[in-house]
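Written out below as structure tokens is the structure these notes cover.
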Amino acid sequence: MVIDVHVHVYPPEIVSSWESIALQESHFASLARGRAHKWAAVPELLSAMDEDGVDESWISGFAFKDLELCRICNDYVIEAASLSGGRLRPLAVVPPLARGASAEIERCFERGAIGVGELFPDGQCWSIDDIRETWRLASLCNENGMFVLLHVSEPVGHKYPGKGKSGPREAYSFALNHPELKIIMSHWGGGLCAYENMKDVRMDLQNVWYDTAATPFLYDHSIFENLKSPGLSAKILYGSDYPLLRFPRYKKMTSQSTLSDAENSHLLSENAIKLLNSF
């Protein structure tokens with residue numbers, strides 16, 4: 001079984017109006033105008049899942065600064081999930097500091113959202129290490145049994161549009177401030193996962209998972225050896241960052257690693273199932 005925990009799809013009205021939206025959303029503009037950017041709607045995703053052998057995808061729209069744009073994305077993924085026969089699970093996107101963000105999370109939870117994210121702290125102009133800006137988001141998600149999928153940037157070696165103060169140090173502070181919250185840190189947590197070899201850090205990050213989104217752009221196949229670490233074997237989740245990348249790119253990398261069949265199963269589905277069952 002293959003579960004992809006990090007997938008983006010775009011409502012038609014966002015795609016058709018993206019250039020005018022980009023005038024007001026600088027982070028979105030940087031990504032949408034990038035050479036690697038791709039658009040994808042739900043039908044294309046389902047077709048790709050069939051071709052690649054992906055059984056389930058956790059889908060979200062784009063985390064805009066504008067709450068109304070986020071609502072459009074949320075309605076799209078929630079409806080798609082409801083019609084998918086269990087193949088798609090929706091995540092909500094919100095600007096955490098916007099008036100009405102809490103009500104939107106509640107609305108999406110009531111309609112089946114399992115988490116909130118992928119959120120872009122730098123692009124949405126909020127600080128993940130400032131508890132005054134994060135407590136409401138964390139409390140609401142924890143109360144509803146939802147996780148947060150958080151974009152975490154690499155501190156060195158990778159140029160990312162809008163990259164600022166959302167690296168592993170800040171992500172660590174976010175986890176320390178909200179130890180009860182279930183968190184998925186994207187892109188291997190910007191390298192934060194490596195610090196889980198330290199006992200104290202591992203204790204602090206008990207409720208943190210890491211996804212593999214964009215791995216082929218960032219690392220070589222040796223990164224998957226982290227699944228052999230006792231502290232990380234149950235905490236790494238397969239995430240593609242579709243439509244940017246698809247499953248065969250990851251399958252090629254894991255085939256070059258020394259992962260056993262059991263370790264591959266943990267990565268591709270078992271760890272995600274255990275995360276959902278932890279609520």
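Identify the residue in segment 156-170 that is at pLDDT 65 or above and assigned to a loop (DSSP other than H, G, I, E, B) and, among all such residues, is surrounded by the fewest Cβ atoms within 10 Å (Cβ to Cβ).
Going through the qualifying residues, I end up with 165.
If only one of 94, 152 is touching a Pro at 6+ places or on another chain (Cβ under 7 Å) and part of a loop (DSSP other than H, G, I, E, B), which one is it?
Selected residue: 152, the only one of 94, 152 that is touching a Pro at 6+ places or on another chain (Cβ under 7 Å) and part of a loop (DSSP other than H, G, I, E, B).
State yes or no: is residue 64 touching a Cys at 6+ places or on another chain (Cβ under 6 Å) and more than 30 Å from residue 264 (Cβ to Cβ)?
Criteria met by residue 64.
Please specify each residue of segment 230-248 satisfying the condition of being surrounded by 14 or more Cβ atoms within 10 Å (Cβ to Cβ) and without any contact (Cβ under 8 Å) to a residue 40 or more places away in the chain.
Of everything in segment 230-248, those that are surrounded by 14 or more Cβ atoms within 10 Å (Cβ to Cβ) and without any contact (Cβ under 8 Å) to a residue 40 or more places away in the chain turn out to be 231, 232, 233, 245.
Quick grid of which residues meet (1) of a type in the set (Gly, Ala, Ser); (2) within 17 Å of the chain's Cα centre (by Cα); (3) buried (at least 21 other Cβ atoms within 10 Å of the Cβ):
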{"site": "8", "(1), (2), (3)": "no, yes, yes"}
{"site": "16", "(1), (2), (3)": "yes, no, no"}
{"site": "29", "(1), (2), (3)": "yes, no, no"}
{"site": "41", "(1), (2), (3)": "yes, no, no"}
{"site": "58", "(1), (2), (3)": "no, yes, yes"}
{"site": "62", "(1), (2), (3)": "no, yes, yes"}
{"site": "71", "(1), (2), (3)": "no, no, no"}
{"site": "77", "(1), (2), (3)": "no, yes, yes"}
{"site": "82", "(1), (2), (3)": "yes, no, no"}
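For segment 197-241: of the residues being acidic (Asp, Glu) and in a helix (DSSP H, G or I), which is nearest to residue 179 (Cα to Cα)?
Checked segment 197-241; the qualifying residue nearest to residue 179 (Cα to Cα) is 204.
Limited to segment 103-127, what total is found for residues that are in contact with a Leu (Cβ under 7 Å, 6 or more places away or on another chain) and hydrophobic (A, V, I, L, M, F, W, C)?
Count: 6.
Conditions first: (1) closer than 30 Å to residue 99 by Cβ; (2) modelled with pLDDT under 95; (3) out of contact with any Gly (no Cβ under 8 Å at 6 or more places or on another chain); (4) not β-branched (Val, Ile, Thr). Residue 80 passes all but one, so which condition is the exception?
Failing condition for residue 80: (2).
The values are calculated or read from the model by the stated rules, or taken from the named source; none is laboratory data. Worth saying up front: this structure is predicted, and the values here are computed from it rather than measured. Reconstructed Cβ throughout: ideal geometry from the backbone, glycine too, with neighbour counts over all protein chains shown.
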